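Below is one structure; the comments refer to it alone.
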Amino acid sequence: MWGKQQRMLQRIQTIYLILAFIATGVLPFVFPLWTTGNGTDYFFMNNIAFTALFGGSTTLSAVGILMYKNRKNQFVAGRLNIILNLILLGLFVYQLLTLSGETVPEKVISEKGIGMLLPIISIVFISLANKAIKKDEDLVKSVDRLR
């Protein structure tokens, strides 16, 4: 049993999916999306849509990690996760366009946070994982042709 799990962790796409899981499941609790005019940090938990999309992305990353035996389904889960992160990114862009960033002397009205970049980081890692999954699938197909 340990041998199969060890082989799963040796695949590079598992590492990429773990990094995507961290980017959408752990880092949103650390980095705020933006700072409001009164100086309080606005985290993703303050908005139900952000919470649902981050939660869905985290779940799809975990499902992708656990689907290491079925590469086709793992690839599809990665694609769905990319779409989910693009929707989240679109909501963030909309927020950026409607959130003012002006400053009044000695008072900041609003400040964008690093948390808005987390979907981009997740998309990059999921894309790298899907590329590695496709490479593995092509390798298996070429070996099957030789038999």
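Some notes on this structure:
- One residue from T51, T35, T58 being touching a residue at least 24 places away in the same chain (Cβ under 8 Å), open to solvent by less than 70 Å² (accessible area, probe 1.4 Å) and in contact with a helix residue (DSSP H, G or I) (Cβ under 8 Å, 6 or more places away or on another chain): T58
- If you check G56, G64 for being in a helix (DSSP H, G or I), modelled with pLDDT of 85 or more, closer than 30 Å to K134 by Cβ and touching a Gly at 6+ places or on another chain (Cβ under 7 Å), only one passes: G64.
- Tabulated pairs, the stretch 109-135, first free of Cβ contacts under 8 Å to residues at least 60 places away in the same chain, second aromatic (F, W, Y) and buried (at least 16 other Cβ atoms within 10 Å of the Cβ), C-beta under 8 angstrom, 6+ apart or interchain: K134/F75
- Among the residues of the stretch 38-48, not one is open to solvent by 50 Å² or more (accessible area, probe 1.4 Å), in a helix (DSSP H, G or I) and touching a residue at least 24 places away in the same chain (Cβ under 8 Å).
- Filter result for the condition that a residue is modelled with pLDDT of 95 or more and either farther than 22 Å from V63 by Cα or buried (at least 17 other Cβ atoms within 10 Å of the Cβ) (or both), over I126, I133, I109, I114: I126
- Restricting attention to the stretch 63-95, the residues that are polar (S, T, N, Q), under 22 Å from K141 (Cα atoms) and crowded, with 16+ Cβ neighbours inside 10 Å add up to 1.
The values are calculated or read from the model by the stated rules, or taken from the named source; none is laboratory data. All figures in this text were calculated on a predicted structure; none of them were measured in a lab. With ideal geometry, Cβ positions are generated from the backbone for all residues, glycine too; neighbour counts draw on all protein chains shown. For the accessible areas, the whole protein counts, side chains as well, though only heavy atoms, and no ligand, DNA or RNA atoms are used. Shrake-Rupley method; radii C 1.70, N 1.55, O 1.52, S 1.80 Å.
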